[in-house]
Amino acid sequence: MNLFRFAGDILHLLSILVLLLKIHATKSCAGISLKTQELYLAVFITRYLDLFWNFHSLYNSVFKVVYIGTTSMIVWYMRRHRNVKLTYDRDHDTFRYLFLVAPCAVLSLLINARYNLFEILWTFSIYLEAVAILPQLVLLQRTKNVDNLTGNYVFLLGLYRAFYILNWVYRFATEPGYSAWLVWISGLIQTGLYLDFFYYYVQAWKQSKKLQLPS
Amino acid sequence: KMGDEIHDEL
């Protein structure tokens, strides 16, 4: 455990909490992609299946439970809450799950470190996490106006990924024999997806005006 | 080795 990794995990948690509190406080989920949230829930469930038989640290176990719990709450709000579900932007959130899930499933069967069910599910979760933000980015692109909290959510998520990269660099430099190609490449792709958004977010912030994505 | 199969990152 190093400071970069810790900062990454905290930023990840913060991003989820920003979203959850926004929904809770405004009773609205306008601008939020349910597809992305459900994909993240699938990522957490397939990755943290080992919660019940592998114990690494209390830190890891607590985070796993919290990530699954908070993301479930977001999905619950968007699907079930009587007021919130009415604000869901169904017509613009049309990204097809299958376009992301199917290639990740095939890839995890082809490229994995060990050929057993749980390792393949874990690998699937790594690939899926890399692209799970796409429906959210497409939704932002379609609706153009990004409200502050949704913008902050995507920004914090991107920052979390950036800190994970620093964490890998640090581990590579300090832990003899440490390498994790599969996670590195997926992580780089994932972080790359945020770069365009980051650019506009920082521009808007510098000019202290509302974030608006270009056509 | 069992220990190797535990992924230590989140």
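For the reader, a short list of remarks on this structure follows.
- With contacts taken as Cα pairs under 8 Å at a separation of at least 6 residues, the stretch A:96-215 carries a relative contact order of 31 percent.
- Phi to ³J(HN,Hα) by Karplus 6.51 cos²θ - 1.76 cosθ + 1.60 over the stretch A:126-143, Hz, x for Gly, Pro: 5, 5, 5, 4, 4, 10, 5, 6, 3, x, 5, 5, 5, 4, 4, 5, 6, 8
- Cut-off under 5 Å, modelled amide H: who pairs with A:ALA180 long-range: none
- Compared with the dominant principal axis of the Cα atoms in chain A, helix A:148-174 is inclined by about 20°.
- Signed unit charges on C-beta, dipole axis of the protein assembly as shown, positive-most listed residue A:ILE111, A:TYR160, A:GLN37: A:GLN37
- Once the Cα atoms are used to define both axes, helix A:58-80 deviates from the longest principal axis of chain A by about 30 degrees.
- Taken over the C-alpha atoms, the protein assembly as shown has Rg and Dmax values of 17.6, 55 angstrom.
- Most mobile of A:LEU193, A:LEU41, A:LEU139 in a GNM of chain A (Cα contacts under 10 Å): A:LEU193
- Estimated [θ] at 222 nm from DSSP helical runs (n ≥ 4, -39500 (n - 2.57)) normalised by residues in chain A, nearest 500: -24500 deg cm²/dmol
- Too-long pairs where the Cα-Cα distance tops 24 Å, listed order kept, from A:LYS64/A:LYS210; A:LYS35/A:LYS85; A:LYS27/A:LYS64; A:LYS22/A:LYS85; A:LYS85/A:LYS210; A:LYS22/A:LYS64: A:LYS64/A:LYS210; A:LYS27/A:LYS64; A:LYS85/A:LYS210
- Per residue convex hull volume, Cα atoms of the stretch A:1-103, in Å³: 123 Å³
- Sorted into 5 angstrom bins from 0, the C-alpha pair distances of the stretch A:16-66 split as 4, 17, 22, 18, 15, 13, 8, 3 percent.
- Dipole in debye (nearest 20) - the protein assembly as shown, about Cα centre, beta carbon charges: Lys, Arg +1; Asp, Glu -1: 880 debye
- Between helix A:34-47 and chain A: long-axis angle, C-alpha atoms, 0 to 90°, nearest 10: 20 degrees
Each reported figure results from applying straightforward, stated rules to the coordinates on display, with no laboratory input. This is a predicted model, so every value here is computed, not measured. Here the Cβ is made from the backbone with ideal geometry for all residues, glycine too, and neighbour counts use every protein chain on show.
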